[in-house]
Amino acid sequence: MMKNLFFYAALLAAIVTNGQTADRFPMRLKVATYNVGHFNQGAPGGYPGGQNPKAELFRWRKWIGEQSLDIFSMNEWNSNFDKDSTLNATDALLKPYYNNIYFGDRHKWIYNGIATNYSLTNIRMNYSWGDYYALIGDLKIGNKIITIISTHIPWQKDAHPSALAGLIKELRKYEYFICFGDMNAANTEQQKFQEAGFNIANGGNMGWFCTAPTSRTLGKTDINIDNIITSKNIKIMHVTAPFTGLNDDDHLPLIADLVITW
């Protein structure tokens, strides 16, 4: 009897160990990219003064907790939730859920971050133009590295094409990657990621998802501008871009389930 117990214990340990490596089983992640618009519908500085920032902060924190995301990528973060700088956004919104929070350089308009309970190493930044950059980190799973990227591509006409081309060139370096961000890209430009051999959440197998609803209301065509891009060995499923009641005049989040195949 005791020998059988030792046998099953050893077998269970082997299964658990193998499940933590990149050798056998697919790995599932729930992820999202969200341009939070400085908590002020795209205007810098934080939630407007004169209103009830604590009530609004609670709504944001509740929404983030409800998503139960493994990796949460953010654009246009704001260090302080409110314009009066009384509430620290990272402490109040992210730290209740995530042990590891990484930010790039803070600029007036551009501020990228990644929140996760996985540990990322080799944190670095790659600037494309002006204040626009990609925040990059490595997630080690067994003997494999999954590169995690939070980027913001410039919309300015003299910078956008080269920044987009530069991102595609950067992504080609990695065997496994997940790239999140506001691409400020038209549909035909988003499809360039597919043409490069990558998978995309927005414009991929599940179609297009508007993440700029006000632009759609104004009759603009570039409305599916946020995306999650992965290497071909990472499958994308269950894509949504829900209204949240938080930043709907500016951006909607793009949420997806990913399956990493080895």
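The values are calculated or read from the model by the stated rules, or taken from the named source; none is laboratory data. None of the values given here were measured: they were computed from a predicted structure. Heads up, the Cβs are rebuilt from the backbone with ideal geometry, glycines too, and the neighbour counts pull from every protein chain shown.
Name the pairs: first residue in the range 35-54 and in contact (Cβ under 8 Å) with a residue 40 or more places away in the chain and among the β-branched types (V, I, T), second residue crowded, with 21+ Cβ neighbours inside 10 Å and assigned to a strand (DSSP E or B), Cβ to Cβ under 6 Å, at least 6 apart or on different chains?
Between residues of the range 35-54 that are in contact (Cβ under 8 Å) with a residue 40 or more places away in the chain and among the β-branched types (V, I, T) and residues that are crowded, with 21+ Cβ neighbours inside 10 Å and assigned to a strand (DSSP E or B), the close pairs are V36/M74.
Which one is farthest from M27 (Cα to Cα), of the residues in the range 161-172 that are of a type in the set (D, E, K, R) and in contact (Cβ under 8 Å) with a residue 24 or more places away in the chain? Give the derivation first.
Kept after step one, since they are of a type in the set (D, E, K, R), are these residues of the range 161-172: 169-170, 172.
In the following step, the residues that additionally are in contact (Cβ under 8 Å) with a residue 24 or more places away in the chain were identified as 170, 172.
Values: E170: 24, R172: 22 Å.
Top of the filtered list is E170.
Looking only at the range 147-160, filter to residues that are farther than 19 Å from T121 by Cβ, of a type outside the set (F, W, Y) and in contact (Cβ under 8 Å) with a residue 12 or more places away in the chain; which one of those is surrounded by the most Cβ atoms within 10 Å (Cβ to Cβ)?
Kept after step one, since they are farther than 19 Å from T121 by Cβ, are these residues of the range 147-160: 152-160.
Filter once more, keeping what is of a type outside the set (F, W, Y): 152-154, 156-160.
Okay, now just the ones that are also in contact (Cβ under 8 Å) with a residue 12 or more places away in the chain, so 152-154, 156, 159-160.
Numbers: H152: 28, I153: 25, P154: 20, Q156: 12, A159: 16, H160: 20.
Out of the qualifying residues, it is H152.
Per-residue answers, yes or no, for (1) small (G, A, S); (2) in contact with a Leu (Cβ under 7 Å, 6 or more places away or on another chain):
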position	(1), (2)
Q67	no, no
N75	no, no
S79	yes, no
D84	no, no
L94	no, no
Y97	no, no
I101	no, yes
D105	no, no
N126	no, no
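Every residue in the range 68-85 that is in contact with a Pro (Cβ under 7 Å, 6 or more places away or on another chain) and either in a helix (DSSP H, G or I) or of a type outside the set (F, W, Y) (or both), please.
First pass over the range 68-85, keeping only residues in contact with a Pro (Cβ under 7 Å, 6 or more places away or on another chain): 81-83.
Listed by number, the residues that qualify are D82, K83.
Somewhere in the range 210-222, is a residue exposed (fewer than 14 other Cβ atoms within 10 Å of the Cβ), free of Cβ contacts under 8 Å to residues at least 24 places away in the same chain, among the small types (G, A, S) and part of a loop (DSSP other than H, G, I, E, B)?
First, pick out the residues of the range 210-222 that are exposed (fewer than 14 other Cβ atoms within 10 Å of the Cβ): 217-221.
Filter again for free of Cβ contacts under 8 Å to residues at least 24 places away in the same chain, leaving 217-220.
Within this subset, residues satisfying the condition of being among the small types (G, A, S) are 219.
Retained after the next criterion (residues that are part of a loop (DSSP other than H, G, I, E, B)): 219.
Looking for residues that are exposed (fewer than 14 other Cβ atoms within 10 Å of the Cβ), free of Cβ contacts under 8 Å to residues at least 24 places away in the same chain, among the small types (G, A, S) and part of a loop (DSSP other than H, G, I, E, B), one finds at least one in the range 210-222, hence yes.
Of these, Y102, Y118, Y98, which one is among the aromatic types (F, W, Y), farther than 15 Å from I178 by Cβ and touching a strand residue (DSSP E or B) at 6+ places or on another chain (Cβ under 7 Å)? So that I can check it myself, show each step before the final result.
Values: Y102 fails: farther than 15 Å from I178 by Cβ; Y118 fails: farther than 15 Å from I178 by Cβ.
After ruling out the rest, the residue left standing is Y98.
Condition check ((1) in contact with a helix residue (DSSP H, G or I) (Cβ under 8 Å, 6 or more places away or on another chain); (2) at pLDDT 95 or above; (3) not in a helix (DSSP H, G or I)) across all residues:
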site: L5; (1), (2), (3): no, no, no
site: V31; (1), (2), (3): no, yes, yes
site: A43; (1), (2), (3): yes, yes, yes
site: Q51; (1), (2), (3): no, no, yes
site: R59; (1), (2), (3): no, yes, no
site: E66; (1), (2), (3): no, yes, no
site: A92; (1), (2), (3): yes, yes, no
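Of the residues in the range 100-125, how many are in a loop (DSSP other than H, G, I, E, B) and over 16 Å from the mean Cα position of the chain (by Cα)?
First pass over the range 100-125, keeping only residues in a loop (DSSP other than H, G, I, E, B): 104-112, 117-119.
Narrowing the set further to residues that are over 16 Å from the mean Cα position of the chain (by Cα) leaves 105-109.
Result for the range 100-125: 5.
Restricting attention to the range 126-146, which residues are under 15 Å from the mean Cα position of the chain (by Cα) and either exposed (fewer than 15 other Cβ atoms within 10 Å of the Cβ) or within 21 Å of N35 (Cβ to Cβ) (or both)?
Here is the first cut: in the range 126-146, the residues under 15 Å from the mean Cα position of the chain (by Cα) are 133-139, 146.
Correct list: Y133, A134, L135, I136, G137.
Considering only residues of the range 236-261 that are surrounded by fewer than 16 Cβ atoms within 10 Å (Cβ to Cβ) and assigned to a strand (DSSP E or B), which is nearest to the chain's Cα centre (by Cα)?
So, considering only residues that are surrounded by fewer than 16 Cβ atoms within 10 Å (Cβ to Cβ) and assigned to a strand (DSSP E or B), the one nearest to the chain's Cα centre (by Cα) is T240.
Look through A163, A185 and report the one residue that is crowded, with 20+ Cβ neighbours inside 10 Å and assigned to a loop (DSSP other than H, G, I, E, B).
Numbers: A163 fails: assigned to a loop (DSSP other than H, G, I, E, B).
So the residue among A163, A185 that is crowded, with 20+ Cβ neighbours inside 10 Å and assigned to a loop (DSSP other than H, G, I, E, B) is A185.
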